[in-house]
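Peer 1: Let me give you the structure first, and then I'll get to my questions.
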Amino acid sequence: MPALFSRAWIWSWLATIVVFGLTLTLTGRNGAGGLAYAALAFGAFSVIVGLGQMLVITLGPGNVDLSIPAVMTLSGTLALKAMDAAPGTAFLGLAVALLAGLATGLANYILIAALRLPPIIATLAASLVYQSVAIWSNRGLRIKPPEALADFATGRSLGVPNVALVALVLSVAVWIVLERGAFGRWLLASGQNMRAARLAGMPVERVRATTYVTVALFAGLGGYLLASFSGGASLDMGQEYLLTSIAVVVIGGTSIAGGHSNVPGIWGGALFMFLVVSMLNSYGLGAGIRMVLTGLIIIGIVIAANGRRARR
């Protein structure tokens, strides 16, 4: 038990269990299965973008991608426009979404590395461009996804939402790379001390480039699935994932100082966030209260984490 409670991710899962019970109790719901299914379905999108944000934050202080919402919107919009609701075009839409993610990820890295802009400034400025392109390409149209793709995105396999299964596959892949792959060791070493990693001969710049491309690819995939899940792409579809993508990483136990990742914690953070929002919505509280609460949770966890490091 002491070894279990020493794991950073366990606290997000314990918080999820507590909030799950409170939500059922306070809202008078009897369908625990239905609530769990909804948490998995909607939390899957937070997991997908949270995995990418986790990799960026692992690079160390100051590294965060604020272009995720715009990349999601742009990828979802371009993918649906390319498919135009035609049957058999799901893989075409996926390719377009991933290409959009690849292009935006490369653009973000170029702004950061070539122009030496802080990642926060570079990705925030780039997001305005991506959002403008999405607006230009959308032009007020709401194109529906192909029926088969919509059925997949909203469907289930073995009682589990398909989008959650996609997020699970990505989580396992990221965990294997971090725990068993050379890239994972390079990423963690770069986050702990980038200068030392560079002096040790590690390809630090290649790691940074790969990381910023990966987070954009995950955002592109998230936008593609979200547009298919919701029946169309809207210009604000990714907005809530700006704060959520950071919240699930911090709540999940990933170190904001860099050098440490926590894949299981991403799931705990994502489910916790959904359940908190669900409970607030049951009382008719708006998005403003939700954002304030999320911000307070992040601040509280950051203060607690800094306190633990100071004691050590």
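Values quoted throughout were computed directly from the atomic coordinates according to the rules given, and no laboratory measurement underlies them. What you see is a predicted model; the values in this text were computed from it and never measured. Cβ: placed from backbone, ideal geometry, glycine included. Neighbour counts: every protein chain shown.
Peer 1: Would you calculate a helix-derived [θ] at 222 nm for the chain, using -39,500 (n - 2.57) for each DSSP H run of n ≥ 4 and dividing by the full residue count, to the nearest 500?
Peer 2: -25500 deg cm²/dmol
Peer 1: Cut-off 10 angstrom, C-alpha nodes, Gaussian network model of the chain. Which of Arg195, Arg156, Arg208 fluctuates the most?
Peer 2: Ranking Arg195, Arg156, Arg208 by mean-square fluctuation puts Arg195 first.
Peer 1: Could I ask something else about it? Report the Stokes-Einstein translational diffusion coefficient (µm² s⁻¹, integer) for the chain, Rh taken as the Kirkwood radius over Cα pairs, at 20 °C with viscosity 1.002 mPa s.
Peer 2: Result for D is 108 µm²/s.
Peer 1: Starting from the exponent 0.38 and prefactor 2.2 Å, build the expected Rg for segment 211-288 from its residue count and divide its actual Cα Rg by it.
Peer 2: That ratio works out to 1.23.
Peer 1: Compute the signed sum of charges (Lys and Arg +1, Asp and Glu -1) over the other residues within less than 13 Å, Cβ to Cβ, of Ala153.
Peer 2: 0
Peer 1: Going by amide H atoms built from the backbone, whose H comes under 5 Å of the H on Arg156, apart from near neighbours?
Peer 2: Asn162
Peer 1: If all Cα-Cα distances of segment 59-121 are sorted into 10 Å bins from 0 onward, what percent lands in each bin, rounded to whole numbers?
Peer 2: 22, 41, 24, 12, 2
Peer 1: Now for a separate question. Within the chain, which whole H helices from DSSP have a Cα span along their axis of at least 30 Å and a mean Kyte-Doolittle hydropathy of -1.0 or more, if any?
Peer 2: Once both thresholds are applied, what remains is 32-58, 90-113, 204-230, 287-311.
Peer 1: Provide the net charge surrounding Ala86, with neighbours chosen by a C-beta distance below 14 Å and charges set as Lys +1, Arg +1, Asp -1, Glu -1.
Peer 2: 0
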